[in-house]
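The values are calculated or read from the model by the stated rules, or taken from the named source; none is laboratory data. From a predicted model like this one, the values you see are computed outputs, not experimental measurements. Virtual Cβ from ideal backbone geometry, glycine too; neighbours counted across all protein chains shown. Accessible surface areas use protein heavy atoms only, side chains included; no ligands, DNA or RNA. Shrake-Rupley method; radii C 1.70, N 1.55, O 1.52, S 1.80 Å.
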Amino acid sequence: MSLTRRVFLERIAQIGGYAATFSSMQILGLLPAVGQTSLPALAADFGRGKKVLILGAGIAGLSAAYELRKAGFDCTILEARSRPGGRSWSVRDGSVVEFTDGTKQACSWSNGGYLNAGPARIPSIHTHLLDYCHELGVPLEVEVNASRSALMQAPELNGGKPVEQRQVIHDTRGYLAELLAKAVSKHALDAELTGEDRARMMAFLEQFGDLDSGTYTGTMRAGFTTPRGAGPSKAVLHQPLKLSELLAADMSKGEFYEEQIDWQATMFQPVGGMDRIPYGFAKALGGMIQYDSPVTEITTSETGVTVAYSRAGTTQMAKADFCICTMPISVLAQTKNNFSPETKQAFTGMPMTALYKIAWESPRFWEKQNRIYGGISFLKSPLVDLVWYPTDKMFSPTGVLVAGFASERDDTGGLGPGLPGGGSGKATPFGALPTVQAKLDASRAAVETLHPGCSHQLTKPIYVNWTKIPYSLGCFANNHLPTSDAAYAVLEKPQGRTYFAGDYLSHLVGWQEGAILSGHHAIARIAQQVRG
């Protein structure tokens, strides 16, 4: 008998389980490979005598410089800010958040608390970033991205009172299992299932939904109203939430949050803040980075690149054989250059996402009162719909609570959890709030809804609006919209000896892994040109 792919995979699963099956499917081309790099293996003297200018000390520029130096290239990084990292930025005690309109917020959090204003977690499948952390000696810890003890709240559910995520998730599963079990029992699926399959399906559904003879009556998985104890007392399970309320509430964003490929456990974070990674690169690169050096003009040709930049109030010039430009396209659109008209137009062909975060210092009432240790709570609100609990320094006196993380504009095209989709360009209800104080009030109100009586403990707010951060002018360029395809194709092409790189030129947009892979791709094309 011939061995079909399905039978082959079934046998692999029986022998090696999920991991073996997943690997086999990738080998067979049945799953897309994650994080493919085009970084070539280059000799240590490959780039000897060749100079590369790298514009921007974000993760794309830093990782590119790190690899180019290994291959003997002479690299200089020009960075407009006084720090490395770009969006990989941690706000902590002593930080100043300055907007393009001149407003400033000084951070004075205690106990080593910090806000990762940009990227805040590292998926286990982002292997190149994890490998760089290991190589640079950046210590990592587990980031708790989901907790069943966290809360969900909607006006239609449980009288508007928050419930634990375990209730919503397992009651939903129980009801779905019961409905499917009824359909199987009534032979509604006979066309799809053999008699043997029906029996197997019923056995599976009993376990999947924790059914009692085909009926969902509640489950220990959803938790207790009276917990297990000693002596004569008996535990009492939560009464199942009503199916009609679960459907009306539609908490699917929170229920499926950790199912997204880049949000699945295990997640990591650098100990002490995400900026430990760019500072790790900066330490390894030594004096290669010139800070406080915003680029003012780029002139590229088929033989080299000349870049003008401002430093200490004067204009200076730098020349190189090649250039890797990692500046945000929102900034490039305002920078003088001799690029083609198509390239200049492409700088505005991908909308910059208007993401924001609001964070507060607070005593850890979520740990003491709710026993929530990390993870995210979700609520149905048009303004602020999530509260993100810190993973670092659990059980310490205070922590930094993120109450609000989304876009202020409908510009993300459905990128994933936490990000509204559609790409209409209109302000979200939160973005339409008229003042910063109104936005802080909405953030505090979300915490109060989830944790009644606790929002008064929130202090020292920090609000980061990426559209107003100098040298960023947006969080990341959204290449997921169909209208972004043309710009992506244009910016993939070099302009003379200038190559563009950044997460927006990868299929991991918004992630540091994407920035790294894009930098690797630029190196591969430079290496090809050197060989040629």
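The table below lists the values:
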{"read-out": "Matching residues in the range 216-231 - criterion: being touching a helix residue (DSSP H, G or I) at 6+ places or on another chain (Cβ under 6 Å) and either open to solvent by 70 Å² or more (accessible area, probe 1.4 Å) or not in a loop (DSSP other than H, G, I, E, B) (or both)", "value": "ARG221, ALA222"}
{"read-out": "Within the range 434-487, tally of residues that are on the phi > 0 side of the Ramachandran plot, in contact with a helix residue (DSSP H, G or I) (Cβ under 7 Å, 6 or more places away or on another chain) and basic (Lys, Arg)", "value": "0"}
{"read-out": "Contacts under 6 angstrom Cβ, first residue in the range 454-470 being open to solvent by less than 10 Å² (accessible area, probe 1.4 Å) and assigned to a strand (DSSP E or B), partner modelled with pLDDT of 95 or more and not aliphatic (A, V, I, L, M), 6 or more apart", "value": "ILE462/GLN105; ILE462/CYS107; VAL464/LYS357; ASN465/TYR356"}
{"read-out": "Residue list for the range 196-215, restricted to those being within 13 Å of HIS170 (Cβ to Cβ) and either part of a loop (DSSP other than H, G, I, E, B) or in contact with a strand residue (DSSP E or B) (Cβ under 8 Å, 6 or more places away or on another chain) (or both)", "value": "GLY209, ASP210, LEU211"}
{"read-out": "Neighbours by Cβ (under 8 Å, 6+ apart or cross-chain): first from the range 475-487, free of Cβ contacts under 8 Å to residues at least 60 places away in the same chain; second part of a helix (DSSP H, G or I) and open to solvent by 20 Å² or more (accessible area, probe 1.4 Å)", "value": "none"}
{"read-out": "Given (1) within 33 Å of the chain's Cα centre (by Cα); (2) in a helix (DSSP H, G or I), index of the condition MET152 fails", "value": "(2)"}
{"read-out": "Test for ALA117: is it in contact (Cβ under 8 Å) with a residue 60 or more places away in the chain, crowded, with 19+ Cβ neighbours inside 10 Å and not β-branched (Val, Ile, Thr)", "value": "yes"}
{"read-out": "Only listed residue being in contact (Cβ under 8 Å) with a residue 24 or more places away in the chain and open to solvent by 40 Å² or more (accessible area, probe 1.4 Å), chosen from TYR291, TYR257, TYR309", "value": "TYR291"}
{"read-out": "The range 480-532, subset polar (S, T, N, Q) and open to solvent by less than 20 Å² (accessible area, probe 1.4 Å), residue nearest to the chain's Cα centre (by Cα)", "value": "GLN512"}
{"read-out": "Near pairs, Cβ below 7 angstrom, 6+ apart or cross-chain, from the range 84-112 (without any contact (Cβ under 8 Å) to a residue 24 or more places away in the chain and exposed (fewer than 14 other Cβ atoms within 10 Å of the Cβ)) to any residue that is part of a loop (DSSP other than H, G, I, E, B) and of a type outside the set (Val, Ile, Thr)", "value": "GLY94/CYS107"}
{"read-out": "Some residue of the range 272-279 being over 30 Å from VAL168 (Cα atoms) and either small (Gly, Ala, Ser) or loosely packed, with under 15 Cβ neighbours inside 10 Å (or both)", "value": "yes"}
{"read-out": "Selection from the range 218-245 of residues that are in contact (Cβ under 8 Å) with a residue 40 or more places away in the chain and either touching a strand residue (DSSP E or B) at 6+ places or on another chain (Cβ under 8 Å) or not aliphatic (A, V, I, L, M) (or both)", "value": "GLY218, THR219, ARG221, ALA222, GLY223, HIS238, PRO240, LEU241, GLU245"}
{"read-out": "Matching residues, the range 335-364, being open to solvent by 10 Å² or more (accessible area, probe 1.4 Å), within 19 Å of THR306 (Cα to Cα), of a type in the set (S, T, N, Q) and in a helix (DSSP H, G or I)", "value": "none"}
{"read-out": "Any strands (runs of 3 or more DSSP E) falling wholly within the range 66-110 and containing at least 1 residues that are over 26 Å from TYR309 (Cβ atoms)", "value": "90-92, 104-106"}
{"read-out": "Residue in the range 50-62 that is within 25 Å of PRO328 (Cα to Cα), part of a helix (DSSP H, G or I), touching a Phe, Trp or Tyr at 6+ places or on another chain (Cβ under 6 Å) and at pLDDT 95 or above present", "value": "yes"}
{"read-out": "Residue satisfying all of: in the range 40-49; within 18 Å of TYR499 (Cβ to Cβ), open to solvent by 10 Å² or more (accessible area, probe 1.4 Å) and at pLDDT 95 or above; nearest to the chain's Cα centre (by Cα) among these", "value": "LEU42"}
{"read-out": "Inter-residue pairs, beta-carbon under 9 Å, first farther than 11 Å from SER63 by Cα and in the range 512-529, second among the charged types (D, E, K, R), 6+ apart", "value": "GLY514/ASP503; HIS521/GLU492; ILE526/LYS50; ILE526/ASP321; ILE526/ARG497; GLN529/ARG497"}
{"read-out": "LYS234, sole failed condition from (1) of a type outside the set (A, V, I, L, M, F, W, C); (2) assigned to a helix (DSSP H, G or I); (3) surrounded by fewer than 16 Cβ atoms within 10 Å (Cβ to Cβ)", "value": "(2)"}
{"read-out": "Matching residues, the range 260-271, being surrounded by fewer than 17 Cβ atoms within 10 Å (Cβ to Cβ) and either in contact with a helix residue (DSSP H, G or I) (Cβ under 9 Å, 6 or more places away or on another chain) or assigned to a loop (DSSP other than H, G, I, E, B) (or both)", "value": "GLN260, GLN264, ALA265, THR266, VAL271"}
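Per-residue answers, yes or no, for (1) modelled with pLDDT under 95; (2) more than 30 Å from TYR373 (Cα to Cα):
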position: LEU401; (1), (2): no, no
position: GLY414; (1), (2): yes, no
position: ALA446; (1), (2): no, no
position: LEU450; (1), (2): no, no
position: PRO470; (1), (2): no, yes
position: ALA487; (1), (2): no, yes
